[in-house]
Protein chains: 2
Amino acid sequence: MQALRSIERSGICGEPIACVGCEARARGVCGALAGDQLVSLSRVSDRRVIRPGEHVGRAAGESESVSNILSGVVSLAKRLPDGRQQIVGLQFAPTLVGRPIAGDDAIEATAAGPVRVCTIPRSAFEGVLTANQAFERRVLSQALSQLDETRDLLVTLARKTALERVATYINMVVRHARPVGSPGEPGEIPLPLSRGEMADFLGLTIETVSRKMTELRKAKIVDFANAASLRILSQTRLDQAAGG
Amino acid sequence: MQALRSIERSGICGEPIACVGCEARARGVCGALAGDQLVSLSRVSDRRVIRPGEHVGRAAGESESVSNILSGVVSLAKRLPDGRQQIVGLQFAPTLVGRPIAGDDAIEATAAGPVRVCTIPRSAFEGVLTANQAFERRVLSQALSQLDETRDLLVTLARKTALERVATYINMVVRHARPVGSPGEPGEIPLPLSRGEMADFLGLTIETVSRKMTELRKAKIVDFANAASLRILSQTRLDQAAGG
DNA sequence: CGTCGGGTTGAGAATGGTCAACTTCAGTGG
DNA sequence: CCACTGAAGTTGACCATTCTCAACCCGACG
């Protein structure tokens, strides 16, 4: 969780050094920012690395904040009073974690694997939200995308079989692993979640996830030597197994 | 689907007649509008009544639009290629139905019971979104609320038992039936969804919903003469049955 | 009075959960 | 280098919840 704060500017056009080449600037909400706004935001923002299993945005009693994911995967989990829990979303770079505007939440954002984030106090974030309408539009757009994704996940959990859910998850990871143009068959794809986290995400148990992974392997749809990565043997049949 | 278009203004302060006393104006996104903006929006908006089972916002080959629910309940459903379907959200007044900004959707918004809406062409809606930042903020806020609700539903479907889901649904209806201050034990509460729709919403089958309703009745937690409404006998035990 | 849609109830099947044993592998210390 | 340990993963046997299929009920409506 080392703080890499940088408030220097790069020489050329006044863009803060921390923001040069940043994923959030290229494709995330910060793309709407320039000049003074970017500089003043970068002055209060804080780049850090979150270790696997640590919470995002609640580092050591600090106040409410919003974080931009720069790399890695963050899981959002909710918990029922009796302890049952469910991962309600996985977020990849470059998306926002944390409430952009006030509201009760009770969501746990946890780093699945190492995650780099750029954290901004919520007060500062809200300031930019109000000062820059293009920024607010991007936040709205991102919220709507997350709504869509959450609804898709809802259908998956409510209507798909265990095998379909596992296949759907693998497909989801594959889509994020190959950023844009998809080369036919890549090599080993790292799985960001452990079996237990997959179970939490897919509304299953560890045992069922394990069984269905084995089933996919025995059906020669995927193959893997270790549990944490795999290789797609037939994308077609994987899509089929994912059931839409 | 009668069109009740009204572009007249009320005498007093220039508020369009159609907007006087409107739910969407009191608590919905239109609360951010006044004067000319409200007038010009009301000029292109269209109040109509949607009959049960009809789709919202796709009336007879019209272009893309956004609708504000004035009264009634709208269900949002997604469908898998093989026909399995799932209701991914229920929306009550005064919330927006339809994509505020572009994006692919494939969601079916259907009236569950009679619904009154105020429909606005998306182009006009986007115009207001850009012209009035308070309006955009309300849209963002509503999107975030929907995200929260969808995540709650996700946990319910992924982790709760059939009985808990049915009880959770009843509680949800109760909360919307008693708008604000809840008088202890009200009378008959109408259930907006049929058993089949409840099943689609809760990720169950009609038979299981029916059985669990019976179970709740036999346990004297609720009571009902007809299938379409019920009476709460013990809110405490209902909360308990809903499991958080 | 018959039919139709929606709802309820029952019996049996099946999917996924539970509990428990076992394997694998990384890390540790002899 | 090897044995030990603990965490993560796999596999198996059994069980429970929910689904499937089918019959039946009931009220609305012709």
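The values are calculated or read from the model by the stated rules, or taken from the named source; none is laboratory data. The shown structure was predicted, so the numbers you read here are calculated from the model rather than taken from an experiment. All Cβ positions, glycine included, derive from the backbone under ideal geometry; neighbour counts span all protein chains shown.
Regarding residue B:23, is this residue touching a Leu at 6+ places or on another chain (Cβ under 7 Å) and within 24 Å of residue B:191 (Cα to Cα)?
Taking the combined requirement at face value, the residue satisfies it.
Just name the residue that is nearest to the other protein chains (Cβ to nearest Cβ) out of those in the stretch A:199-238 that are surrounded by 19 or more Cβ atoms within 10 Å (Cβ to Cβ) and within 8 Å of DNA strand D (Cβ to nearest atom).
Selected residue: A:209.
Picking from A:150, A:156, A:130, A:168, which residue would you name as being crowded, with 21+ Cβ neighbours inside 10 Å and under 27 Å from residue B:126 (Cβ atoms)?
When all the criteria are applied, what remains is A:150.
Could you please let me know if residue A:38 is within 14 Å of chain B (Cβ to nearest Cβ), outside any loop (DSSP other than H, G, I, E, B) and not charged (D, E, K, R)?
It is false that residue A:38 is within 14 Å of chain B (Cβ to nearest Cβ), outside any loop (DSSP other than H, G, I, E, B) and not charged (D, E, K, R).
State which residue is surrounded by the most Cβ atoms within 10 Å (Cβ to Cβ) when the search covers only the stretch B:72-103 and only residues that are over 27 Å from residue B:42 (Cα atoms) and among the charged types (D, E, K, R).
B:78
Tell me, yes or no, whether the stretch B:72-83 has at least one residue that is modelled with pLDDT of 95 or more and among the β-branched types (Val, Ile, Thr).
yes
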